[in-house]
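The values are calculated or read from the model by the stated rules, or taken from the named source; none is laboratory data. All values reported here derive from a predicted model rather than from experimental measurement. Cβ coordinates were reconstructed from backbone atoms using ideal geometry, including for glycine residues, and neighbour counts include every protein chain displayed.
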């Protein structure tokens, strides 16, 4: 059984020494007093009426203003799960500048009104927004702000929260951001409420690896749609490749070479200015690999072929990074993926890269000879 609850008259303290504690008590004594009152409230919260809750609310607010972060965080964690938590105290805890204090009530307390959530979403830190993004229920008025203000962690968390209601405009923004974030793309793709048009765009612009992950994790009723869009994406990619004409790019590269104007910097410029034909033709020229072989290699959604091509040519990491960022299939690489690619590039020796290059060249010649 819980300890009995004893109420004071309105205007009187819940414990006799409260005024003394607030005025002259040490931080430790104030924290202990706050803990005692929290115990008292939690034991009887279910049977309290609003006037009793208001009495506790006044006392909590006075004490919470006089204790440290650890005591406020403990208070927040204990009251966040109570359906009758003191409303004003919860509002103050939710707005606490220290996110460790605000986090429990932002994630779980049902005593926060929608206008409280909107105000916090508009004004507080990314840590506060991250806590908000994990709430059991979030209306579109709040999620629209989170999508507008949120950084990577907030957007990923929000996309994963199936209890968050998202507007079509927010979905469109998230799908747009997903082109640079494969984790975000996957989490959006697994939501059952993503608009069909945007789901199609997500798949069409996604890598083959993303499409396969979504297919593997999708519910059976959605798999046929994913397969259909994957087939459409594959057909579109093949059509785009077939339409590319490398003849003019090849002539341009030969002319630049004859003029002494073709070097690593030229390649980087092609990458940064979005000239894929010239970029592929330049890689082909420097690496002595046919254009169609280079095109097939860099169409993979892994960076390894680009690492090998650039290492064999003697180029540095900044060139590799520029080429990767220019490749549609690699544009969704995260910072972690790039860090891994850098480590692999540094470990790759020029000798090994050139040996792989010779293997690719021989493979091409063998296929060409057998076709003839």
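Among the residues making up segment 127-158, those that are crowded, with 18+ Cβ neighbours inside 10 Å and under 17 Å from residue 334 (Cα atoms) are 154, 155, 156, 157.
When 249, 233 are checked against the criterion of being in a helix (DSSP H, G or I), in contact with a helix residue (DSSP H, G or I) (Cβ under 7 Å, 6 or more places away or on another chain), surrounded by 15 or more Cβ atoms within 10 Å (Cβ to Cβ) and at pLDDT below 70, 233 stands alone in meeting it.
Yes or no, residue by residue, for (1) touching a helix residue (DSSP H, G or I) at 6+ places or on another chain (Cβ under 7 Å); (2) over 23 Å from residue 131 (Cα atoms); (3) not assigned by TED's automatic domain parsing to the domain that holds residue 143:
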| residue | (1), (2), (3) |
| --- | --- |
| 163 | no, no, no |
| 172 | yes, no, no |
| 184 | yes, no, no |
| 196 | no, yes, no |
| 201 | yes, yes, no |
